[in-house]
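Written out below as structure tokens is the structure these notes cover.
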Amino acid sequence: FPSHDRYPDIRDKINSVYAYSLNDDHKTESFAYTKRHFSNILGMNIDSMIVVDFATFESVIDALDGITITVKKGFIDQYFPKEGAENEECIPYDPDYGCRYVTLTFPKGTYEVNGRVALNFVRSRHAEGESGGDFSRNARQQIVISAIKDKVYEIVKKHNISKLFEIVRILDSQIVKDYKNSDYLPLARKILLSGKTFTVKSHIFTPDYFEVPPYEEYDGKYVLVPQNEDYSKFKNDINKMLQ
């Protein structure tokens, strides 16, 4: 993303833009700045934004009494971050800092999972083979989003209003957002009370869609950009996907 006014020499990943612009006293400015950069890259207006942390992610899924996920291909991640051990020295000396990690295993199959397990599932990115990396992680995130949708829809069909209010209460108390619930209530009511099944569609670009520019152009960071840095094609492809 283009450099921030307060950080004129920074070129970095798009997922860093909110952190760079964040100011606790000026949330509106940070949200506007973040949405503007995403709008520029995607070629569309970003109407609203929410910030969800790990704790909120867990809380919502636990409030749903868990979700059902299907692991199509099992994987093992031997370098999953161990909570609270991020800065351990690993004495006696361990050049791989093995004490900072735990082994995470997800065999093939369908499971009922709680918030913590679901969080581990979407955070893992160091599995061997095609299950590792950011692209596979993105695919798992889409699986969980769809599973959350299914569980919410199931609650709606059962007319479990108290459970819905519990979820809304958690979201209202824990997420950071720039909109009012009333802004989207008519749309939510129309979708949830229509009695029709609705789907979540997703699209994940394949790795060959991108290229990795020289590290020195981004302060030594590993960054992906569209092939030939053709953002006009990228924006056009995004638009076709949404249509």
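Full-extension gain between TYR111 and ALA85, please, as 0.36 nm times their residue separation minus the C-alpha to C-alpha distance.
Contour length minus Cα-Cα distance gives 6.5 nm.
Picking from PHE57, PHE198, PHE121, which is most flexible by a Gaussian network model of the chain using Cα springs under 10 Å?
PHE198
Run the 1.4 Å probe and let me know the accessible area of LEU242, rounded to the nearest 10 Å².
110
Using alpha carbons only, what's the Rg to Rh ratio of segment 97-192 with Rh from Kirkwood?
1.05
Leaving ligands, DNA and RNA out of it, rank TYR93, TYR111 by accessible area with a 1.4 Å probe, largest first.
The ranking, largest first, comes out as TYR93, TYR111.
Would you mind telling me the share, in percent, of accessible area of the chain contributed by carbon and sulfur at probe 1.4 angstrom?
In the chain, the share of accessible area belonging to carbon and sulfur is 53 percent.
Quote the accessible area belonging to ASP134 in square angstrom, nearest 10, computed with a 1.4 Å probe and with ligands, DNA and RNA left uncounted.
60
Evaluate 2.2 N^0.38 Å with N set to the residue count of the chain, then give the Cα radius of gyration divided by it.
1.14
Accessible surface of TYR215 in the full protein assembly, 1.4 angstrom probe, to the nearest 10 Å²?
The accessible area of TYR215 comes to roughly 110 Å².
With a probe of 1.4 Å, find how much accessible area the chain has per residue, and write the answer as a whole number in Å².
65
Treating the Cα atoms of segment 52-156 as identical point scatterers in vacuum, please give the log10 of the normalised Debye intensity I(q)/I(0) at q = 0.18 Å⁻¹, two decimals.
Log10 I(q)/I(0), no solvent term: -0.90.
Using alpha carbon centroids, what distance separates segment 60-138 and segment 144-219, in Å?
So the separation of the two Cα centres works out to 22 Å.
Helices from the chain with mean Kyte-Doolittle at least 0.5 and a Cα length along the axis of 18 Å or more, per DSSP H: which?
Length and hydropathy pass: 161-174.
Which one, THR70, THR110, THR34, has the greatest fluctuation when you compute a Gaussian network model over the chain with C-alpha springs under 10 angstrom?
Evaluated over the chain, the most mobile residue of the options is THR110.
On a full-extension model of 0.36 nm per residue, what is the gain between ILE191 and GLU128, subtracting their alpha-carbon distance, rounded to one decimal in nm?
18.7 nm
What is the distance, in nm, between label points placed 7 Å from the Cα along the Cα-to-Cβ direction at LYS13 and at ASP183?
Inter-label distance under the simple model: 2.7 nm.
Helix-derived [θ] at 222 nm for the chain: sum -39500 (n - 2.57) over DSSP H runs of at least 4, divide by residue count, nearest 500?
-13500 deg cm²/dmol
Go from 0 up to the bin containing the longest alpha carbon distance in segment 198-238, width 10 Å each, and give me the % of pairs per bin.
25, 42, 24, 7, 1
Compare LYS157, LYS149 by solvent-accessible area with a 1.4 Å probe and give them largest first, with all protein chains kept in place.
Ranked from most to least accessible, the order is LYS157, LYS149.
How much length would be gained if the chain were fully extended between GLU211 and MET49, taking 0.36 nm per residue of separation minus their Cα-Cα distance, in nm to one decimal?
Going from the current span to full extension adds 55.5 nm.
Between the DSSP loop rule and a limit of at most 14 other Cβ atoms within 10 Å, which GluC sites (Glu not before Pro) in segment 18-102 are left?
GLU83, GLU86, GLU88, GLU89
For LYS235, list the lysines whose Cα falls under 26 Å from its own Cα; do not include residues on the same chain fewer than 8 positions away.
LYS13, LYS35, LYS177, LYS201, LYS221
With a point put 7 Å past each Cα toward its Cβ, work out how far PHE165 is from ASP237 in nm, to one decimal.
Rounded to a tenth, the inter-label distance reads 4.7 nm.
The values are calculated or read from the model by the stated rules, or taken from the named source; none is laboratory data. Source: prediction; values computed, not measured. Don't worry about glycine lacking a Cβ; one is built from the backbone with ideal geometry, like all the others, and counts go over all protein chains shown. Keep in mind that these areas ignore ligands, DNA and RNA; they rest on the heavy atoms of the full protein, side chains included. Shrake-Rupley method; radii C 1.70, N 1.55, O 1.52, S 1.80 Å.
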